[in-house]
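Following: one structure in structure tokens, then a few remarks.
The values are calculated or read from the model by the stated rules, or taken from the named source; none is laboratory data. The structure presented is a predicted model; accordingly, all values stated were derived computationally and were not measured. Cβ placement follows ideal geometry from the backbone for every residue including glycine, while neighbour counts extend to all protein chains displayed. For accessibility, only protein heavy atoms count, side chains too; no ligands or nucleic acids. Shrake-Rupley method; radii C 1.70, N 1.55, O 1.52, S 1.80 Å.
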Amino acid sequence: MDKPLAWLTAEDALELLGTKPQSLYASVSRGRIRARPDPEDPRRSLYRREDVERLAGRAAGRRKSETIAADAMRWGDPVLETAISTVTAGRLYYRGEDTARLADRATLEDVASLLWQVPAVTFAAPAEEAPHEAGPPLQRLFLMLARRAATDAQALSGSPAELGNHAQELMAAIATTVTGSAADLPLHRRLAAAWQRPEAAHLLRRSLVLLAEHELNASTFAARIAASTGAPLSAAVLAALSTLTGHRHGGASAEIARLAADAERQGAPHAVAEVISGGHTPPGFGHRLYPDGDIRARVLLSGLALPPPYAALLEAGRAATGEEPNVDFALAAIRAAFRLPADAPLLLFAVARSVGWLAHAIEQATSGALVRPRARYVGPDPRLTP
């Protein structure tokens, strides 16, 4: 049963939205706000607080980025200082450089050099260094990182320059493990070759650049916690990768692919409405740090010919939610457009974000600070326990 505060009266909803009753009723009819009868007065309706707050956030639109970030981390505390990246005014910046512009020309190797603050970076590995593990790429990656985490030097034992060198060695191992090749080529070309889709290389490059870093998201926080203890860089990446695989993070594209398949079978409006009627927001739409639309998705979808199910899903999702597609939608669409392997979106996320995880691990390790949040206890009063 929902907590009472999860539902708002019309008066409270209108106050949050700052709009007229007609607009509220229109949002309900379009599926943007869920409603139900008031148990105490069936003639009145109650409105889902989460939906109202989401639309109120879009109406506020241009709130200060600090306010957006604080709401989003509840998206709340802890907040850590970083010089690596930020989202501000609807744009994503790596050390002050606009990622939308970086995506026009840079490679993931260029981004690694920028984020780690080291000279030119390559992810090439010695030709004789073949992957030690068998199995699918993600499984190989987990096994490789676990093996290295047990033997690599601790992160607190090196200077920033030395840690940068370790990061480059580790990324070479990650690239080789995922692609199965140690070729001295930019990673996007190695992935395109591994997937036998050379025509996708340009969009793979842009995807890797835009996915490399995204402030203090869940997986990055896991990496910083591990690095703050002095764990090896490989252990920090392993902790982050474990966090990434959840369907609310890097695994979201798989949910979108399933929704696109439903849209192809029964029509996109019906598929989207079915998700909303189940009390969920359709995956692939909206991002709390980008009230006016995810800039990463905008860059990746520009010029991409969407497969029919995704084109229909895009139109239906926008109409039903009032939200723009996010980067997870873009990755799922790219996978479908180029007939990439089903796990391609998650692998792109993992190898690209490893660069950001390593940047945060280096920054955290060299700060010398242990990340140790406190808990706010809400259990039984220990003073009353017999």
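Below is a table of values for the structure above.
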quantity	calculated
Helix 308-321 axis, angle to the chain major axis (alpha carbon atoms, nearest 10°)	50
Cβ charges +1 (Lys, Arg) and -1 (Asp, Glu), total dipole of the chain, debye	540
Shape category assigned to the range 122-261 from the gyration tensor of Cα positions, a/c cut at 1.5	oblate
Dipole of the chain [Lys/Arg +1, Asp/Glu -1 at C-beta], most positive-end residue of Ala192, Ser207, Ala153	Ser207
Where the range 174-328 is the region considered: accessible area per residue in Å², 1.4 Å probe	36
Residue among Ala125, Ala83, Ala175 with the largest mean-square fluctuation in a Gaussian network model of the chain, springs linking Cα atoms under 10 Å	Ala83
Shape of the range 302-382, Cα gyration tensor, a/c cut at 1.5	oblate
Spacing of the two label points (7 Å from each Cα toward its C-beta) at Glu50 and Glu169, in nm	4.5
³J(HN,Hα), Karplus 6.51/-1.76/1.60, whole Hz, each residue of the range 167-172, x for Gly, Pro	4, 5, 5, 5, 5, 4
Per-pair calculated FRET efficiency, R0 = 45 Å: Ser23 and Thr151 via Cβ, rounded to 0.05	0.15
Pairwise label distance in nanometres, Gln117 with Arg372, each label 7 Å out on the Cα-Cβ vector	2.7
Per-residue HN-Hα couplings for the range 103-115 [Karplus 6.51, -1.76, 1.60; θ = phi - 60°; Hz; x = Gly/Pro]	5, 6, 9, 7, 10, 5, 4, 4, 5, 4, 4, 5, 6
Fully extended contour minus Cα-Cα distance, from Leu143 to Ala161, at 0.36 nm per residue	3.8 nm
Difference of contour (0.36 nm per residue) and Cα-Cα distance, Arg95 to Arg30	19.4 nm
Degrees between helix 268-277 axis and first principal axis of the chain (Cα, 0 to 90, nearest 10)	70
About the Cα centre, charge dipole magnitude for the range 282-336 (Lys/Arg +1, Asp/Glu -1 at Cβ), debye	120
Integer Hz, Karplus 6.51/-1.76/1.60 couplings in order for the range 181-196, x for Gly and Pro	9, 9, 4, 7, 10, x, 4, 5, 6, 5, 5, 4, 5, 4, 8, 6
Max mean-square fluctuation residue, GNM over the chain, Cα-Cα springs under 10 Å, options Val371, Val351, Val237	Val371
Tensor-based shape of the range 217-324 (alpha-carbon gyration tensor, a/c under 1.5 rounded, otherwise prolate or oblate)	prolate
Highest-first arrangement of 144-150, 15-21, where packing means the average Cβ count within 10 Å	144-150, 15-21
Among Leu241, Gly278, Tyr290 the positive-end extreme of the charge dipole of the range 218-300 (Cβ point charges)	Leu241
Share of carbon and sulfur in the accessible heavy-atom surface of the chain [1.4 Å probe, %]	54
Most fluctuating residue given options Ala193, Ala35, Ala134, as computed from a GNM of the chain linking Cα atoms under 10 Å	Ala134
Amide H within-cut-off set for Leu8, under 5 Å, with H built and near neighbours excluded	Tyr47, Arg48, Arg49
Rounded to 10°, Cα long-axis angle of helix 218-228 versus longest principal axis of the chain	50
For Thr88, distant residues with modelled amide H under 5 Å away	Tyr93
Long-range HN-HN contacts of Asp38 with modeled amide H, under 5 Å	Arg44, Ser45, Leu46
Over the chain: Kirkwood hydrodynamic radius from C-alpha pairwise inverse distances, Å	22.4
Net dipole in debye of the range 236-379 [+1 Lys, Arg Cβ; -1 Asp, Glu Cβ; about Cα centre; nearest 20]	480
